[in-house]
Amino acid sequence: MQATTAGAPAPSVNALAGKIVEQIAADATALRISASQGSLGERLIDMGAQSLGCLEAGRRLGEVCLGGLGTVQFTTASGVPKWPLGVVVSSTNPVVACLGSQYAGWTLQDQESGFFALGSGPARALSRVEELYKHLGYADKSDTAIIVIEGDKPPPAAVVKNIADACKVKPQNLTILFATTWSLAGTVQIAARVLEVSIHKAHELHFDLNNLLDGVGTTPIAPPAPDFVKAMGRTNDAIIYGGSIHLFVKGSDDEARRLAEGLPSSTCSIYGKPFAEIFAEVNHDFYKVDPMLFSPAKVTVSNVDTGKSFQVGDLDPLIIDRSFA
């Protein structure tokens, strides 16, 4: 069963993202990226690892992650005075775009080579190996698959084969895009997850995703840093302390209010210091960080059935300044 938008079946996220990928490949020189072929015939697009990449490459990468069901635009009104450059992310099918495609939920690893990464993007909706898909009611059908990896190198052949097999496509029909956290493209595509983290947290709060109609998120773009921990800290802080979202829902005001009150990052007990410091306190074990922290700072939820809106949380420019400086 496929998730729907206004009663119509949701389109193929791999097909829609494929159009963006083809344009990315055509514009490779202008975007300062490189495309090559892997050992199994897979297409590899380096968006910001060995390639320099650029902010525009990251913007397009964000739209690939959203499966072509969302837009990512630059803004100079991020809401944080000293860091006005940001992104505005929107989707008219936020559940499929964000959870069905963009969310980095597919663990990719190979013990022999030591490779480990989290896969995001449209290919997830073909493999459906994650528990999350039992709740989404969306499955893609496509002869081509597109996956995005945050890292400095593409996966080895064994992982490529596993991805292709899980998606039921030939390796020659698999495209893998990758960029580091500290690259220009990487920092933009992570900022473009501001809406996704709110949709994921809504799911964790047991909000009925069928009542989530539309969404827009804004967040500053973190300046890249050559140190991985600092780069990861900045990109997380951009959303945790600088992200704002506006969700449009239907249903009761009680549920809309409960969602608004539960979503902001400030509801988490460890909120209040730069992420790099939080990360150090758990001995750099990402999985020991309370997942409820990963959400935007400021939330507006508007109920289209009643006309009421609920606003909770606020931006924290001072922590952004500490993190980005």
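Coordinate-derived values only; no laboratory data. All figures in this text were calculated on a predicted structure; none of them were measured in a lab. All Cβ positions, even for glycine, are placed from backbone atoms using ideal geometry, and neighbour counts span all protein chains on display.
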Residues of region 286-317 satisfying the condition of being without any contact (Cβ under 8 Å) to a residue 40 or more places away in the chain and among the hydrophobic types (A, V, I, L, M, F, W, C): Phe286, Val289
Total residues in region 91-100, condition touching a strand residue (DSSP E or B) at 6+ places or on another chain (Cβ under 9 Å) and either outside any loop (DSSP other than H, G, I, E, B) or within 16 Å of Cys167 (Cα to Cα) (or both): 6
Considering residues of region 229-250 that are touching a strand residue (DSSP E or B) at 6+ places or on another chain (Cβ under 7 Å) and not aliphatic (A, V, I, L, M) only, the residue surrounded by the most Cβ atoms within 10 Å (Cβ to Cβ): Gly243
The listed residue being surrounded by fewer than 24 Cβ atoms within 10 Å (Cβ to Cβ), of a type in the set (Phe, Trp, Tyr) and within 15 Å of Lys201 (Cα to Cα), out of Phe286, Phe294, Phe324: Phe294
Hits in region 101-130 (condition: out of contact with any strand residue (DSSP E or B) (no Cβ under 8 Å at 6 or more places or on another chain) and either free of Cβ contacts under 8 Å to residues at least 40 places away in the same chain or not acidic (Asp, Glu) (or both)): Gln111, Ser113, Gly114, Ala125, Arg128
Residue list for region 123-149, restricted to those being of a type outside the set (Ser, Thr, Tyr), outside any helix (DSSP H, G or I) and buried (at least 21 other Cβ atoms within 10 Å of the Cβ): Ala123, Asp140, Ala145, Ile146, Ile147, Val148, Ile149
Residue match in region 241-257 (condition: of a type in the set (Gly, Ala, Ser), assigned to a loop (DSSP other than H, G, I, E, B) and within 17 Å of the chain's Cα centre (by Cα)): yes
Residue list for region 303-321, filter: surrounded by fewer than 20 Cβ atoms within 10 Å (Cβ to Cβ), closer than 19 Å to Thr218 by Cβ and not aliphatic (A, V, I, L, M): Ser309, Phe310, Gln311, Asp314, Pro317, Asp321
